[in-house]
Each structure stands twice: as structure tokens, then as C-alpha cells.
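Remarks on the structure that follows.
What follows is calculated from the coordinates using simple rules that are stated; it is not laboratory data. Note that the coordinates shown come from a computational prediction; the quantities given were computed from them, not determined experimentally. For neighbour counting, all protein chains shown are included, and Cβ atoms are generated from backbone atoms with ideal geometry for every residue, glycine included.
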Number of protein chains: 2
Amino acid sequence: MGKNLTKRSEDYSKWYNELVVKADLAENSAVRGCMVIKPYGYAIWEKMQAELDKKFKETGHQNAYFPLFVPKSLFEAEEKNAEGFAKECAVVTHYRLKTNPDDPSKLIVDPDAKLEEELVVRPTSEAIIWNTYKGWIQSYRDLPILVNQWANVVRWEMRTRLFLRTAEFLWQEGHTAHETKQEAIAETAQMNDIYADFVENFMAIPVIKGRKTESERFAGAVDTYCIEALMQDGKALQAGTSHFLGQNFAKAFDVKFTSKEGKQDYVWATSWGVSTRLMGALIMTHSDDQGLVLPPNLAPIQVVIVPIYKGEEQLELISRVALEMKAALGQKGVSVKYDDRDTMRPGAKFAQYELQGVPLRIAIGPKDLEKGTVELARRDTLSKTFVAKDDVVDTVTDLLQEIQNNLHQKATEFRDTHITEVNNLDEFKEVLENKGGFISAHWDGTAETEQKIKELTKATIRCIPFDFVAENGSCVYTGNPSKTRVLFAKAY
Amino acid sequence: MGKNLTKRSEDYSKWYNELVVKADLAENSAVRGCMVIKPYGYAIWEKMQAELDKKFKETGHQNAYFPLFVPKSLFEAEEKNAEGFAKECAVVTHYRLKTNPDDPSKLIVDPDAKLEEELVVRPTSEAIIWNTYKGWIQSYRDLPILVNQWANVVRWEMRTRLFLRTAEFLWQEGHTAHETKQEAIAETAQMNDIYADFVENFMAIPVIKGRKTESERFAGAVDTYCIEALMQDGKALQAGTSHFLGQNFAKAFDVKFTSKEGKQDYVWATSWGVSTRLMGALIMTHSDDQGLVLPPNLAPIQVVIVPIYKGEEQLELISRVALEMKAALGQKGVSVKYDDRDTMRPGAKFAQYELQGVPLRIAIGPKDLEKGTVELARRDTLSKTFVAKDDVVDTVTDLLQEIQNNLHQKATEFRDTHITEVNNLDEFKEVLENKGGFISAHWDGTAETEQKIKELTKATIRCIPFDFVAENGSCVYTGNPSKTRVLFAKAY
């Protein structure tokens with residue numbers, strides 16, 4: 001199986017598509033642009049969800065659920081948001097099918113069941129949620145509202161790719177309401193930090209925190225914070241966004257509150273989200289030509305034990321050792337699969353688990369039984385060692401941590417060597433073409449220049465990093481003065 | 001707040017609707033028939049999800065995710081299923097809005113963005129899933145497939161009620177594929193048993209397990225197993241169903257496998273689901289005129305501590321005790337909220353937590369500090385006692401178990417006294433009118449009789465209980481011979 005994977009150096013995009021399907025993560029469905037997330041892929045997503053959900057709850061957020069549909073009149077209430085999403089939304093116009101009179105085995109849309117008002121399948125939920133918050137908020141006592149929703153959303157994208165850009169995807173969207181501007185900005189920053197912490201430390205993906213330029217901002221936001229990651233092919237991927245919405249939605253939906261001092265004011269808002277797109281980031285940060293590489297924190301199976309045997313008797317002896325080991329590792333919170341299927345040869349199993357990114361593989365054969373050892377193989381380095389049976393639990397728990405760290409370190413090194421400072425457009429183009437990655441360059445701060453550079457190079461401003469220091473320079477395109485560099489890249 | 005609740009004896013339906021809204025469980029949205037599940041209601045649903053998900057995984061099931069949309073051609077492939085759901089499905093016909101040329105502040109559906117094939121918003125996912133399974137199954141080695149999905153589904157119901165019947169609802173749907181008929185039937189039974197165990201022991205709601213008659217079966221199923229609960233107003237509520245689908249979907253989607261013996265055969269299927277409807281069952285089983293009553297297993301807050309104080313100094317002393325108690329209870333896995341808000345009087349807090357069904361309330365005042373006691377109030381019995389401070393942890397953990405058991409016992413007594421054997425149609429009508437509940441009666445086994453009884457009485461056959469013994473009798477309607485009683489009731 002693994003052997004059939006296209007090499008990354010040959011065709012990165014093809015490698016990605018093949019890997020997603022062959023590693024049993026997801027596949028295309030009968031519905032244009034919509035994916036099926038297969039059990040193995042979904043198990044990884046569940047681990048992401050569990051960790052994020054814990055972090056949200058630790059910071060005082062609660063989950064809730066809002067309708068899938070947004071009536072057109074609500075959808076269009078916040079003008080910029082509506083404009084931003086109108087071109088790609090699925091619209092429900094009817095609520096019934098009926099038998100086709102010309103062919104009774106078929107169904108047609110019943111023209112008598114036309115909705116009075118069309119319903120937009122949510123591309124994001126600000127509109128329906130702020131329309132709801134209107135009923136929840138009267139006084140400062142009702143604030144803050146710190147709510148998150150795990151849900152599916154639909155954006156009718158024309159060109160789709162598994163996990164990266166699909167018509168339907170899964171995500172979480174936080175929607176909070178606050179008394180003051182400062183509080184809402186602090187929430188925006190907090191959630192962006194939570195995303196950064198999660199992606200860095202749980203997914204082992206280094207990210208750069210920053211803010212979006214006006215043209216890359218979320219439709220309807222005053223300010224968009226983001227975390228940007230770098231993929232192995234030198235393209236950037238936006239891994240999460242957190243928006244300060246100002247009073248835009250409160251005004252659009254007339255959500256006011258009475259302050260402690262008895263004054264009426266519009267509520268301040270944020271929204272923030274990450275999606276199944278993170279699966280794409282995960283794959284394109286760590287994986288190799290053999291297949292998926294998973295950080296142990298996200299691996300549904302952290303260790304697989306494969307018996308190498310001839311005949312029932314050997315299998316029985318090996319199984320005894322393997323199951324003891326599995327139990328002892330389970331005690332330490334390590335998830336172990338013992339694969340004693342007799343329908344597949346050990347070599348084929350090795351290839352399968354390599355392809356699926358299981359961090360550690362233990363093989364036990366008759367010679368190991370004699371010597372009291374096992375063979376331990378690391379997925380990240382593809383290296384093997386023999387370990388004394390009695391040391392397996394300690395070695396495995398240490399190694400899982402080491403692999404987690406190693407993946408983060410490797411990805412950070414790659415990312416750091418792919419941030420290049422350039423000082424003119426020729427350098428810009430040359431780096432972009434020959435090396436890729438983030439390009440740190442001066443920009444004059446105008447949307448026009450940003451657009452021109454995009455047209456010339458296909459690179460966009462990924463973010464204005466929070467940790468970039470002031471530096472006087474001149475814009476790589478116009479030569480106009482600039483006070484700080486920003487990060488450009490081609491992006492997913 | 002609680003005082004404004006309509007009494008159950010006055011208007012049960014009104015009581016229910018008020019309770020759902022006032023206890024902050026859910027509310028109607030701007031979308032006809034779609035609800036907003038509020039954080040407190042959603043927290044209860046999350047507890048249900050977590051427990052069910054654990055049970056599914058313990059029995060070898062994995063989660064996955066399939067598209068929200070079903071292309072019309074797939075939807076209509078299994079004839080009975082299509083017929084069963086065609087009359088109530090939301091249909092996406094377009095994928096874009098555009099500015100209304102007559103009023104640029106408004107959007108209209110873009111007629112140029114009509115889909116080639118309409119998409120049905122899934123009312124249930126058999127069609128899209130079996131179309132997917134076709135690609136997953138070639139050999140017996142690929143079986144069984146044991147997959148579950150947590151998702152939203154849409155059924156365009158004309159009359160809706162919060163949790164009980166909403167156009168969009170949340171549920172889980174299991175979809176399994178098996179080599180043999182026996183294996184699929186065993187799975188159908190296993191999942192019905194898991195539902196029964198969960199609803200009885202976690203939700204404290206007694207249920208009757210049985211099978212549906214042909215006319216009450218799931219559209220496309222060969223056999224439907226179910227669990228039926230009884231609400232306080234004497235109406236039944238179907239709390240979960242598990243379907244043996246035979247080879248119907250395998251045939252409709254041409255899903256064959258090669259057996260160990262090298263023969264080709266269609267795959268055997270099951271599907272099973274429970275939904276946010278269970279929230280309705282929970283409310284209508286345990287709650288009272290004061291508001292919600294929650295079994296401790298499902299209570300987001302199991303214990304609330306309310307300080308009774310005058311001035312900052314008293315509050316500080318009480319808070320010290322309360323926070324110690326909270327920590328000690330937390331150690332035992334009890335979820336405690338300490339409500340020291342100064343914006344609400346203790347009496348109002350008491351009423352709020354009563355309304356929201358918090359199982360235990362601890363009040364601590366200055367006299368308690370002197371005596372080393374606290375006041376402990378049970379929500380289920382509305383009784384109060386004083387408990388020595390040092391006994392609180394033990395008393396609370398015991399009481400939570402006792403409340404869980406008490407609720408189950410009370411509900412079981414009510415249910416058991418509301419199963420009435422009748423032997424003719426007059427008795428049937430009289431019991432239905434004056435007492436309600438389940439009516440155990442002989443029926444001749446025909447759909448015609450079932451329909452006639454329904455027309456006459458509005459009662460339907462809830463199930464043919466698995467544990468009913470054979471008994472010769474004659475049908476209450478036709479007088480024709482019958483070999484076993486079945487359970488009739490009016491139902492939600």
C-alpha cells in the first residue's frame with residue numbers, strides 16, 4: 001500500500017490526495033465537494049475536539065446549538081458579512097419532494113412546497129446567533145456571553161480538496177458578547193492564543209500569530225487575528241482565526257444592553273473558529289513519502305504490536321507477552337492495538353501502520369521471546385532498536401514524548417529556515433519561486449499594493465506578525481515608506 | 001421565576017413549553033420549527049452524548065462523518081425509505097445569492113446558480129452511507145462495519161415542539177454492515193439493549209423493549225426494535241429505535257461481498273438512533289410544578305452552594321467554608337457551583353436552581369458557621385435537613401445516588417400503575433380517556449385493525465413487548481383470535 005504513494009518531490013498535491021485516501025482519513029462523496037470523514041480520520045478529529053473543548057471550558061465557555069438554516073432576511077442584515085458569503089451559499093427553497101407523474105419511480109421537487117422565505121445553509125453563524133442574542137441580552141448582568149458551537153457549515157466552493165477546502169466542513173465557532181471594547185479585544189486575543197497553544201503543543205505545528213490586513217479580514221470583522229502555519233511545500237496555511245467584530249453585529253441586530261451606570265449601549269462581539277482544515281495542516285506538516293506521520297497526542301493508536309509467528313503455538317506464546325504489554329501500557333494511558341489478524345502478513349501490516357502514521361510499532365517474534373526483547377520502530381525517524389521486554393513501558397512512554405517534541409522541532413526548523421527577508425520585488429519573486437515559504441517584506445499598508453503584488457506573484461499577506469518589531473523601510477512594490485515588515489506567502 | 005410556571009394539572013402541554021424556556025434549556029428560533037439549544041440544555045445533551053458514545057465504543061463502534069446533503073437520485077434509490085421521508089424534506093436547489101437589482105440592500109437567489117441535481121438535506125443517512133459503503137466492502141474481511149455518526153438531521157415537520165418534534169434535530173445514527181442475517185439481528189438487539197440500559201440507568205427512565213408493528217416501522221426496515229417510555233400525562237414516548245434493515249439498502253445500492261467460501265452475497269444492515277427528543281422524555285418523566293428535576297447522572301450542576309450573608313465579612317467567612325466544600329466534593333467527582341453573585345437574593349437563587357433541577361442545594365448562613373452545619377435541600381423531594389459540615393461530602397455522595405435511584409423508582413411505579421389490561425373496546429376507550437398510559441390488549445395482527453383503532457381512539461400500537469408471554473385471546477376490535485397482547489397508547 002505505502003509503496004504506491006507518489007513521492008512528495010514528484011507531485012506534492014498528488015501525494016497529499018493519495019495519502020488522505022490511502023491512510024483512510026477521508027474520501028470524496030457522491031455530493032460535489034463534500035467529503036466523507038472515515039473512522040480513522042474522524043478519530044483524529046475527535047482528539048482535536050476533545051482537547052480544544054477542554055481549553056474552551058477552562059476559559060469559561062459553554063457549548064450551545066443554533067439552527068443550521070439562516071432565513072435570507074437575517075443573512076443579509078449585516079451587509080459586509082452577507083456580501084462576503086452570498087456567492088457561495090447553498091439555498092433551501094422547497095420543503096417537499098413528490099412522485100414524478102411521468103415516472104413514478106422518481107421524485108421531483110414539489111412546486112407547491114415552496115418556502116415563503118428562502119433559507120441559507122449556514123456558512124457561518126453570526127447572523128442567526130446575534131439575532132438570538134438579542135433576546136438574551138438586556139443588562140450588563142447578562143454579559144459576557146461566552147458560547148461555542150460544534151457544527152457543520154457549508155460554503156459552496158468551486159474548487160475543493162479533501163479537508164483543505166470542502167463545500168461542507170466541520171468546525172467550532174465561538175460567539176461572545178461583551179460590555180466593553182477592551183474586554184472583547186482581550187477575548188479575541190485569548191482565543192487566538194488558545195489556538196496557537198493547541199496547534200503548537202498538541203499538533204506539534206509551529207505557528208505565527210498576527211493580524212490580517214483589511215482585505216484578508218473576515219467579512220464583517222473590525223480586526224482578524226490569526227495563526228499561520230507553513231506546509232512542507234512552502235505554502236502557508238491559515239490554521240485558525242479569531243475576530244474582533246466591534247459593534248457591527250450588535251448594530252445589525254439591534255442588540256443593546258443597559259450598563260451598570262444605566263446607559264444603553266450596543267454590545268461588543270467576537271467570533272473565532274478552527275475547522276477540519278486542521279487535518280490538512282497536520283498531514284502537510286509532518287508526513288513523508290511513506291505516509292502519514294502523527295504526533296502521539298493525536299494518534300488514535302499510539303503503539304501497534306505485531307506478532308511474527310509460524311503456527312498457533314508460537315502465536316499463543318507471543319500473544320501472552322503482547323497482551324501483558326498492552327495492558328501495562330494501557331495503565332499508563334497509552335493506546336495500544338494488538339494486531340494478530342491472520343489474514344495479513346507482518347510486512348503488509350508494517351506498511352499499513354506506517355502509512356497510517358502510528359508513532360511506534362513493536363514486533364515480537366520467536367527469537368525475541370528467547371532473548372526477552374522486542375523490536376521497537378519509530379515512525380518519525382523510521383529507525384529500529386531492540387528493547388528489553390521489561391523496559392518497554394518506560395521506553396515507550398519516553399519515546400512518545402520524544403516523538404512529539406521531535407516533530408515540533410523538525411517542523412519549527414523547517415519553518416524558521418523558510419522565513420526569508422527580502423528588500424525588493426526581484427528578490428521577492430526569486431525567493432517565492434525557488435524556495436517558497438514566508439517572505440518577510442516591507443509593504444506600504446495599502447490594499448492596492450497588496451492586490452498588485454498578489455496579481456504579480458500569487459502571494460498574499462498572511463499576517464502582520466504580533467512579534468515583529470518596528471523597522472523603517474520601503475515597500476517592495478511602491479518604494480513608499482513602511483514601518484514594519486509583514487509576512488507574504490502563497491497559501492492554501 | 002419558578003412561581004410563574006403553569007401547573008401540570010392545569011395544562012400539561014403549556015407547563016412543558018414554559019419549563020423548557022424558563023429553565024434555559026431551549027427556545028424557538030427565527031427559523032420555523034428549528035430550535036436553539038441553550039447552554040444549560042446543551043450541557044445535559046453533552047452528558048447524554050458522552051455516556052452513549054462510551055457505550056458505542058465499548059461495543060466496537062467507531063465514529064465517522066458523512067455529507068449533510070443527499071443527491072436526489074441517491075435519496076430515491078431505496079423506494080420505501082424515499083417514500084417515507086419525501087414529504088418532509090428540505091431541498092437545496094441553488095448555490096448562490098446575488099444582489100437584488102431592484103433593491104441593492106437585499107439579496108435574491110441567483111437563477112444562474114441552479115444545481116443540476118437537487119440536494120436533499122439528510123432526514124436520515126442510510127442512502128448516502130450505503131452509497132459510500134459500496135466502495136468500502138468487497139470481501140468478508142471488510143465486515144463488519146460498525147460506524148456511528150453524531151449529526152444534525154432535518155425533517156420538515158408541520159407542527160413542531162421544542163425537543164419533541166423539531167424541523168432540525170441532533171442525533172446519533174449507527175449504520176452497520178454484516179456478513180450474516182443473524183449477526184445483523186444480534187446487532188439490532190444489542191443496540192436496542194444499550195439504549196434501554198442507558199435510558200433506564202443513566203436517565204432514570206423506565207422503558208419497555210419491544211418491536212414495532214409493520215405500520216409503525218422505520219421506512220425501509222425489515223424489523224424495528226424500540227424502547228418506549230411513559231410520560232407523566234399518560235402519553236407514551238418512543239425513546240430510541242434500532243432497525244434490522246435486511247438486505248434492502250445493500251440491494252438498492254448494490255453492496256455485495258465475497259464470503260469466506262467465495263460466494264457473492266448482499267450485505268446485511270442495521271441502523272439505530274436516539275435524538276435530542278430524549279431531552280423531552282427526561283423533562284416529562286421527572287419534573288414537577290416547581291420546574292425541572294434532573295437525575296444526578298445528567299445534571300450539569302449536581303450541587304449548588306448558596307451563601308446567606310449580610311456584609312462582606314460574613315461572606316468571606318462563608319466563602320471559605322463553601323470553597324473548601326466545593327473542592328472536597330470536586331475530589332469525589334461531584335460538580336459543584338458556588339453562587340456568590342451579589343446581584344440576586346438567596347430566595348431568587350433557590351427558585352432558579354429549583355427551576356433548573358439542580359439535585360442538591362446547600363445553603364450556608366452565619367448560624368451554620370456557629371453550629372458547624374449546613375442546610376441541605378433535595379430537589380426531588382423538596383425536603384431539607386441540617387448536616388454537620390464534616391459529613392457533607394459523604395452525605396452528598398450518598399444522596400446523589402439515592403436521588404438517582406429514587407427518580408427511577410418513582411417513574412417505574414408510575415409507569416407500572418399505568419399499564420392496564422383491557423379485554424374489549426369499551427374498556428379500551430374508558431381507560432384511555434380516564435387514566436391514560438399503556439393499554440395492554442389483544443389485537444388480531446392486521447394493519448387494518450390497527451388503523452381502525454387509531455382512527456377511533458388516537459391510540460397506536462407502541463410495541464409488541466419482547467417479554468410478553470403467549471396468551472390466547474381475541475382482538476379488542478374484531479374479536480379475531482390473537483396469541484399475545486400488545487401495548488397501545490397515545491404517543492408523542
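Summary of values
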quantity	calculated
Under 17 Å from B:K134, Cα to Cα: aspartates and glutamates that are on another chain or at least 8 residues apart	A:D24, A:E27, B:E76, B:E78, B:E126, B:D142, B:E179, B:D254, B:D265
Positive minus negative residues near A:S335 (Lys, Arg vs Asp, Glu; Cβ under 11 Å)	+4
Where the Cα pairs of the range B:6-46 fall when distances are cut into 5 Å bins, in %	6, 25, 23, 23, 16, 8, 0
Restraint check, A:K80/A:K435; A:K332/B:K38; A:K22/B:K256; A:K54/B:K98; A:K410/B:K47, Cα-Cα greater than 29 Å	A:K80/A:K435; A:K332/B:K38; A:K54/B:K98; A:K410/B:K47
Residue-count net charge about A:P67 - beta-carbon cut-off 9 Å; Lys, Arg +1, Asp, Glu -1	0
Spherically averaged projected area of the range B:191-300 from its Cα convex hull (nm²)	9.2
Sorted largest first, extent of the range A:327-464 alpha carbons per principal axis (Å)	71, 31, 22
Part-to-part distance (alpha-carbon centres) for the range B:272-348 and the range B:163-213, which is given in Å	31
Phi to ³J(HN,Hα) by Karplus 6.51 cos²θ - 1.76 cosθ + 1.60 over the range A:477-489, Hz, x for Gly, Pro	9, 9, x, 5, x, 9, 9, 7, 6, 10, 9, 9, 5
Simple spin-label estimate for A:S215 and A:D467 in nanometres, 7 Å along Cα-Cβ	2.8
Longest segment of chain A lacking trypsin sites (Lys or Arg not before Pro) that sit in a DSSP loop with at most 14 other Cβ atoms within 10 Å	A:8-158
Over 21 Å [Cα-Cα, the range B:113-185], rounded percent	45
Rg and Dmax of the range A:393-465, Cα atoms only, in Å	18.0, 59
Computed label-point distance, nm, for sites A:D53 and A:S139 using a 7 Å Cα→Cβ extension	3.4
Percent of alpha-carbon pairs separated by more than 34 Å within the range B:2-286	26
Percent RCO, i.e. relative contact order, over the range A:428-484, from Cα pairs under 8 Å lying at least 6 residues apart	39
Charge dipole (the range A:28-157, unit charges on Cβ, about Cα centre) - positive-most of A:V36, A:L119, A:L68	A:V36
Total charge dipole magnitude, the range A:221-296, about the Cα centre, Cβ charges on Lys, Arg, Asp, Glu only, Debye to nearest 20	400
Percent antiparallel among DSSP beta bridges (both partners in the range B:303-399, rounded to 5)	55
The range A:137-227 - Rg over Rh from alpha carbon coordinates, Kirkwood radius	1.00
Value of relative contact order over the range B:223-350, rounded to a whole percent, pairs C-alpha under 8 Å and six or more apart	17
Copies compared at A:K80 - label distances in nm, ascending, label defined 7 Å from Cα in the Cβ direction	5.5
Relative contact order (%) - chain A, alpha-carbon pairs under 8 angstrom, separation at least six	14
All-pairs Cα distance distribution in the range B:21-146, expressed in whole percent, bin size 5 Å	2, 8, 11, 11, 14, 17, 15, 10, 7, 3, 1, 1, 0
Volume of the Cα convex hull of the protein assembly as shown, divided per residue and given in Å³	209
The range B:245-329: Rg to Rh, with Rh as the Kirkwood radius over Cα pairs	1.45
Table column - 3J(HN,Hα) (Hz), the range B:319-336, Karplus curve with 6.51, -1.76, 1.60, x for Gly and Pro	4, 4, 4, 4, 6, 4, 4, 4, 5, 5, 5, x, 4, 8, x, 8, 8, 10
Structure-based [θ]222 nm, the protein assembly as shown - -39500 (n - 2.57) summed over DSSP H runs of at least 4, per residue, nearest 500	-11000 deg cm²/dmol
Principal axis dimensions, the range B:303-399 - Cα atoms, whole angstrom, descending	33, 28, 22
Local electrostatic count, A:A281, Cβ distance below 14 Å [Lys/Arg +1, Asp/Glu -1]	+3
Lysines with Cα under 16 Å of B:K337, excluding same-chain neighbours fewer than 8 positions away	A:K57, B:K326, B:K349
Label distances, nm, B:D110 versus same residue in remaining copies, Cβ-directed 7 Å point	3.1
Rg/Rh for the range A:286-340, where both radii come from Cα atoms and Rh is the Kirkwood radius	1.08
Antiparallel content of DSSP bridges confined to the range A:419-489, in %, to 5	75
Degrees, to the nearest 10: B:12-22 long Cα axis against longest axis of chain B	70
Given charges at beta-carbon only (K, R positive; D, E negative), |dipole| of the protein assembly as shown in Debye	320
Radius of gyration, Dmax [chain B; alpha carbons; angstrom]	25.9, 83
Estimated vicinal HN-Hα couplings, Hz - the range A:63-76 in sequence order (Karplus 6.51, -1.76, 1.60; Gly, Pro = x)	8, 8, 9, 10, x, 5, 9, 10, x, 3, 5, 6, 4, 8
GluC sites (Glu not before Pro) restricted to DSSP loop in the range B:182-272 with at most 11 other C-beta within 10 Å	B:E261
Point-charge dipole on Cβ atoms (K/R +1, D/E -1) for chain A, about Cα centre, debye to 20	460
Of A:T417, A:W443, A:G372, farthest towards positive along the dipole that unit charges on Lys, Arg, Asp, Glu beta carbons give the range A:371-459	A:G372
FRET efficiency, B:A447 to A:D110 (Cβ-Cβ, R0 35 Å, nearest 0.05)	0.85
